[in-house]
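Notes to accompany the following structure.
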Amino acid sequence: MKLIGDYHIHSAYSRDAKMQGSIDEIAKTAKDRGLAEIAITDHGPAVWVGAKTKHYPHIKAMCEKAEQDHGIRVFFGIEANITGDNGETDIPERFRKDLDIVVCGFHPRSRPANIKSLFTLFWPNYIFMFTWLFFKYYPKKRRRKNTEAIKRVIEKNNIDILAHPSRYFKVDIVEVAKTCAEHGTLIELNGKGISFRPIDFERCLAVGAKFIIGSDAHKLNYIGRTERVGEFLKNCDFKEEDIINLSGLFRRPEINRLLKISEDTHEAEEVEVAIDKKQAKIDAREKKKRDKILKSKATD
């Protein structure tokens, strides 16, 4: 497969990355591989390997310079962490306006947003990560709670791409896909491997979700690589336009059209009710005037 852009790349500012070069060299490598766009998406600050917030302005400046030097679009992004079960993430609010792309997902070893989330979200999932690894067991109740947590994140935050769903904390991918479709969030097909089935992928497409391929590169030679995704897609029925960076440059899909129609209908109904109330007031005033005139004539 030929990618037009790769929107999940880590630089050396992610301390788990083994990048043997700078953001400039990342851009050059991507350009040499025929990519038109890339996004530098280092880990958010809630994990110990995350880029430090004090480096954000510098990373952004290097992205802009690499773009000018190599003639390839270089987005400044972040791979944010879900830190709570009520929609919390570690995106620093003061930097949000400067980010071109926000990738977000569950990650082990993230710092919880609060004590409650440590016990309601993180510790149960740590336990069941092991039961899944050894016994392929992940309780439905836990999966449902993870699904609700990730839906709240999508609903409350401006997330562009949902990273590697179900890799670490298992979710109901089709339920998540419905929320992604409603809010214009892309679901990632991760270059390191995909943690749901081809049939689940097709069901997600059926509810209106769109996908994007991300290499999740931590080394220069992984930028733009799609081998594992290609193997997965051999077993899937899809159209090229279902995967954004196979068919064009980065864009967020429109929100679910059925939801939009529903919202427009609701707004129209509210306007109609307001008009009816206004007209009722006018009619009442007119009736009061008429009654007054009739009463006056009757007295005369």
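The values are calculated or read from the model by the stated rules, or taken from the named source; none is laboratory data. Remember, predicted model here, so these are calculated numbers, not experimental data. Cβ: placed from backbone, ideal geometry, glycine included. Neighbour counts: every protein chain shown. Just the protein is used for accessible areas: all its heavy atoms, side chains included, with ligands, DNA and RNA removed. Shrake-Rupley method; radii C 1.70, N 1.55, O 1.52, S 1.80 Å.
Observations on the structure shown:
- The antiparallel fraction among DSSP beta bridges confined to the chain stands at about 5%.
- Gyration tensor (alpha-carbon) shape descriptor, the range 212-259, a/c threshold 1.5: oblate
- Computed over the chain, the range of Cα coordinates on each principal axis works out to 102, 51, 42 Å, biggest value leading.
- Note on the chain: GNM, Cα springs under 10 Å; of His55, His107, His183, the largest mean-square fluctuation is that of His55.
- Among Ala284, Ala17, Ala30: highest mean-square fluctuation, GNM of the chain, C-alpha pairs under 10 Å: Ala284
- By the Kirkwood approach, averaging reciprocal distances over each pair of separate Cα atoms, the range 1-144 gets a hydrodynamic radius of 16.6 Å.
- In plain terms, if you count all Cα to Cα distances in the range 187-231 and split them into 10 Å steps from zero, the share in each step is 28, 51, 18, 3 percent.
- Comparing Glu286, Glu79, Glu182 in a Gaussian network model of the chain (Cα springs below 10 Å), the most mobile by mean-square fluctuation is Glu286.
- For the chain, the longest principal axis of the alpha carbon atoms and the long axis of helix 140-156 meet at an angle near 70°.
- Each stretch of four or more DSSP H residues adds -39500 (n - 2.57); spread over every residue of the chain, this sum gives -14000 deg cm²/dmol at 222 nm.
- 16 Å tail of the calculated P(r), the range 4-80, as % of Cα pairs: 42
- Ligands, DNA and RNA are left out, and with a 1.4 angstrom probe the accessible area of the range 160-254 is 40 Å² per residue.
- In order through the range 103-117: 3J(HN,Hα) via Karplus (6.51 cos²θ - 1.76 cosθ + 1.60), integer Hz, x for Gly, Pro: 9, 8, x, 6, 9, x, 6, 6, 7, x, 5, 7, 4, 4, 5
- Three-way shape label, the range 91-139, alpha-carbon gyration tensor, a/c 1.5: oblate
- Each of Lys65 and Asn158 was given a label point 7 Å from its Cα along the Cα-to-Cβ line. The distance between the two points is 2.7 nm.
- Cα-based reach from Lys97 at 25 Å (exclusive), listing lysines while leaving out same-chain residues under 8 positions away: Lys52, Lys54, Lys60, Lys65, Lys151, Lys156, Lys210
- Here the spin labels are modelled as points 7 Å beyond Cα on the Cα-Cβ line, and at Lys136 and Lys287 they lie 7.2 nm apart.
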